[in-house]
């Protein structure tokens, strides 16, 4: 039987896996010509990310972050806080991009910039995940459960 922390760790793994799948889907949609169908798909992908990211943040705020019980790693509290802040900023930026995407739609003058901004956002999220993995590695934590 899994403990509460094991269940949270598995849930965190599931969220990360979903994020990576969605990033791939978003990348694919961004490479295509943006039409109403792709705009609908892009919005759906972003909406799913906007649902997943806060759930991951909720887990972190409950004391379970990076597959760690933060109470066991008090000396790294500043690093945890920095990563959580970074994750929150990534979330806020995506929410802003989603609002702009829905508000402006297929206006030609904004499509190229929005695509660029979404690519930049994806790089920011990937960079954030690398920072998380780096801290996990330094603390000797395996982030991927089998």
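Within the option set 3, 17, 52, being modelled with pLDDT of 80 or more and surrounded by fewer than 17 Cβ atoms within 10 Å (Cβ to Cβ) holds for one residue only, 17. Residue under question is residue 115, and the condition is that it be surrounded by 14 or more Cβ atoms within 10 Å (Cβ to Cβ), farther than 24 Å from residue 14 by Cα and in contact with a helix residue (DSSP H, G or I) (Cβ under 9 Å, 6 or more places away or on another chain); does it hold? Yes; evaluated as a whole, the condition is true for this residue. Any residue at all in region 108-118 that is closer than 17 Å to residue 53 by Cα, in a helix (DSSP H, G or I), modelled with pLDDT of 90 or more and out of contact with any strand residue (DSSP E or B) (no Cβ under 8 Å at 6 or more places or on another chain)? Within region 108-118, one or more residues are closer than 17 Å to residue 53 by Cα, in a helix (DSSP H, G or I), modelled with pLDDT of 90 or more and out of contact with any strand residue (DSSP E or B) (no Cβ under 8 Å at 6 or more places or on another chain). So, of the residues in region 75-107 that are in contact (Cβ under 8 Å) with a residue 24 or more places away in the chain and not in a helix (DSSP H, G or I), which turns out to be farthest from residue 13 (Cα to Cα)? That would be 106.
The residue list 66, 26 contains one member that is surrounded by 15 or more Cβ atoms within 10 Å (Cβ to Cβ), modelled with pLDDT under 85, within 16 Å of the chain's Cα centre (by Cα) and closer than 30 Å to residue 116 by Cα, which is 66. Pairs linking a residue in region 1-27 that is at negative phi and outside any loop (DSSP other than H, G, I, E, B) to a residue that is surrounded by fewer than 12 Cβ atoms within 10 Å (Cβ to Cβ) and at pLDDT below 85, with Cβ atoms under 6 Å and 6 or more positions apart or on different chains, are 13/145.
The values are calculated or read from the model by the stated rules, or taken from the named source; none is laboratory data. Keep in mind it's a predicted model, so treat the numbers as computed, not measured. We place every Cβ from the backbone using ideal geometry, glycine too, and count neighbours over all the protein chains shown.
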